[in-house]
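Please read the structure below before turning to the comments.
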Amino acid sequence: MRTPPQTVLVTGASRGLGLGFVAHYLRQGAVVLAAARDPHVPTLDQMSQRFPGRVIPTELDVTSERSIRDLGHFLAERETMVDLLINNAGISVDEELGQWTAHTFAETFHVNAIGPAVVTQVLLPYMRADSLIVMITSGMGSLELAINAEGGLDAYAMSRAALNMLTRRLAVKLAPRQISVIGVNPGWVRTDMGGAQAPLSVEQAI
């Protein structure tokens, strides 16, 4: 069994599943870089006080190449290597056919698929052999199942399908470096994105 990683970086870490991952790996004894557009939310500040030196709130906008490059510079300055990268940041917009907008599709793809691609590329110099990259995906991204195709989460489903392809291609590219890349579907979870009707709590999903 894999031992708990020493250093974990979680994107979208200020709420929902991202915050759940931060809490989980802190309990496992890891140092966690909690990356988010606003990393100084009260919950992360409280964790920083409870686990001094083991929670590192880090500003990251996955749609900004400058912000992603700044994250790389931050790791270089700290001489930090990442054992586990969790590309968790994501958005979902419900827009029915007839109301689709290019903006919604572009923004959803940028956060859910392009962001993880660029974040991973920038972080690769700070990952050793036996590191792990996890893409948080969704059953909505399955071409075979086409879950809830009658609904309005079309941009979201398409972006997750793109993320799944990114995961497969990165797994091949990084295999010679012994870096594993996997996609994980956490299920339907009670978060701001999943809604109150979801059957799983964040803790159960984690």
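Things to note:
- Two-site FRET efficiency, residue 94 against residue 6, from Cβ-Cβ distance with R₀ of 35 Å, rounded to 0.05: 0.35
- Helical mean residue ellipticity (222 nm; -39500 (n - 2.57) per DSSP H run of 4+; nearest 500) of the chain: -11500 deg cm²/dmol
- Springs between Cα atoms under 10 Å define the GNM used for the chain, and in it the highest mean-square fluctuation of 16, 98, 141 occurs at 98.
- Once the Cβ-Cβ distance of residue 184 and residue 28 is raised to the sixth power relative to R0 = 25 Å, the FRET efficiency obtained is 0.95.
- Candidate values (i) 56; (ii) 59; (iii) 52, label of the one derived for percent of Cα pairs over 21 Å apart: (iii)
- Each part gets one Cα centre, and for region 6-42 versus region 78-93 those centres are 9 Å apart.
- Surface accessible to a 1.4 Å probe, residue 127 within the full protein complex, Å²: 10
- Whole-number accessible area per residue in Å² for region 1-157, which is evaluated in the context of all protein chains at 1.4 Å: 51
- Top of 86, 133, 56 by mean-square fluctuation, Gaussian network on the chain, Cα under 10 Å: 56
- Highest-MSF residue in the chain out of 178, 99, 46 [GNM, Cα springs under 10 Å]: 99
- For region 1-158, the carbon plus sulfur part of the accessible surface works out to 53%, probe radius 1.4 Å.
- Considering only alpha-carbon pairs that sit under 8 angstrom and 6 or more positions apart, the relative contact order computed for the chain is 19 percent.
- In this label model, residue 54 and residue 197 are separated by 3.9 nm, measuring between points 7 Å along each Cα→Cβ vector.
- Label-point separation, residue 43 to residue 64 (7 Å along Cα→Cβ), nm: 2.2
- Here's how it looks for residue 58: its modeled amide H is under 5 Å from those of 34, 35, 36, which are all 5 or more places away or on a different chain.
The values are calculated or read from the model by the stated rules, or taken from the named source; none is laboratory data. Treat the numbers as computed from the prediction; the structure is a model and nothing was measured. Because the Cβ atoms are built from the backbone with ideal geometry, glycine has one as well, and the counts that use them run over all protein chains shown. Side chains included, ligands, DNA and RNA excluded: accessible areas come from the protein's heavy atoms. Shrake-Rupley method; radii C 1.70, N 1.55, O 1.52, S 1.80 Å.
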